[in-house]
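Since the structure comes first, as structure tokens, the remarks are kept for the end.
The values are calculated or read from the model by the stated rules, or taken from the named source; none is laboratory data. Since the structure is predicted, the reported quantities are computational estimates derived from the model, not experimental observations. Cβ atoms come from the backbone with ideal geometry, glycine included; neighbour counts cover every protein chain shown. Ligands, DNA and RNA are stripped out before the accessible areas are found, and what is left, the full protein with its side chains, is counted by its heavy atoms. Shrake-Rupley method; radii C 1.70, N 1.55, O 1.52, S 1.80 Å.
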Amino acid sequence: MFAMLPNPINSKACAFPALIYSPLLCLLLVLGLGGCTSTKVPEFEVMPDYAEVYHPLINVAELNIVRGEYADALSAYKQAFASVPTPFARDYYNAAVSAVQLQDEKQAFGYLEQLVLKGVSLPYLERQQVFDSLRTTKAWKKFERQYPKNRSKFEETLNKELRADLDELYARDAYFRLAEGGLRVHGDTIRKIETANVENLLAWIEEYGYPGEQLIGVADTLEQLPRFSIVIQRQTKARKGYDFTEILTKAVKEGRLAPQPVAYLLDQQAGKGLYGSKAFVTVNCTRCKEQEKPQRYLVEKMSEEELERINKRRAPLGLEPLDDYKKKVLFGLGNNVFKLNYDWSVVEYKVPSREAASVLLEGLTAAEPE
């Protein structure tokens, strides 16, 4: 979004942002910087707060998808995309699928092109059955021909060095954990690596800002949490780890990170569901010979007061109310065409006995069917 700041006077004005204009400032500039000129005030980019202008519209679009109202979903997506300089790949994907449902090839290909510019590969898109109807068209042939050029555009914007450095953080984190003896033998070394990983990540965030899609691209899986996120996950409150709350909150507002993965990371750091990122749970009795009744999706019991507290925490991040989140996740669990759920949306609890399952189930209740 760009905005032209109003010129405070009609005659001679400093070539300076009008927000900080004053006659005294103009005089100082004349004396020290070479004078004022009669010129238009330049345009300055006003960065939108994604939590306010973008993600609430994405929620509207996704709820329309749940209801099967694809035209309304596309309308909301268009508004969201127009409100920010860089929309998210996941949202482009769902918008493309909505266009396919409406048999709107032009819009679908427009969003697919945006996905390529984000780093999504042509082979990945070819494997998605929802786009099979497009692959028989002349427009798909054109899309294929343009792919190398668009891929090159993506690679020109990609910070390959930073992306490689971030991947190295993940590799370092995993190396001694996977070595013989794991944490028991290499505990001290692992903790030193975790400390060094945090220091490196903080330094890169200081230099580049939080490494979001515009900086390092997006993987084919449209993953919401790149592998380097393990560095943040390790920093739990229980272990007196580094608190990433301020950094993650800022990343959401700047459009560098979507709010759902932030909610998950904040819940992980806190060691409890402050933001409700875990929508459903399942209970698996590993040693029970037979289940009395198959358990599908369960939810944690909570009071109206606790639900209200969670929603108050979610709102500043641009997150939808918890009930809306659960509707979308439940829809996504039965519909693999759209991408409306997350890897962390459902947690499986494994228990060794029927008695243990009974104790766990006391704090859970069956999810209401859609």
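Could you tell me which residue of the range 23-75 is nearest to Val337 (Cα to Cα), considering only residues that are crowded, with 17+ Cβ neighbours inside 10 Å and at pLDDT below 50? Among them, the one singled out is Val41.
Residues that are modelled with pLDDT under 95, within 14 Å of Leu265 (Cβ to Cβ) and out of contact with any Phe, Trp or Tyr (no Cβ under 7 Å at 6 or more places or on another chain) occur in the range 226-233; there is at least one.
Only one of the numbered conditions (1) touching a helix residue (DSSP H, G or I) at 6+ places or on another chain (Cβ under 6 Å); (2) open to solvent by less than 60 Å² (accessible area, probe 1.4 Å) is not met by Pro321, and that is (2). Keeping to the range 224-281, report how many residues are free of Cβ contacts under 8 Å to residues at least 60 places away in the same chain and not aliphatic (A, V, I, L, M). Number of matching residues: 23.
For the range 95-128, what are the residues that are more than 19 Å from Glu156 (Cβ to Cβ), in a loop (DSSP other than H, G, I, E, B) and out of contact with any helix residue (DSSP H, G or I) (no Cβ under 7 Å at 6 or more places or on another chain)?
Result: Gln103, Asp104, Gln128.
Is at least one residue of the range 99-107 open to solvent by 10 Å² or more (accessible area, probe 1.4 Å) and touching a Pro at 6+ places or on another chain (Cβ under 8 Å)? The answer is no; no qualifying residue exists.
Quick one: in the range 228-243, which of the residues that are within 15 Å of Leu166 (Cβ to Cβ) and out of contact with any Asp or Glu (no Cβ under 6 Å at 6 or more places or on another chain) is surrounded by the fewest Cβ atoms within 10 Å (Cβ to Cβ)? Out of the qualifying residues, it is Gln233.
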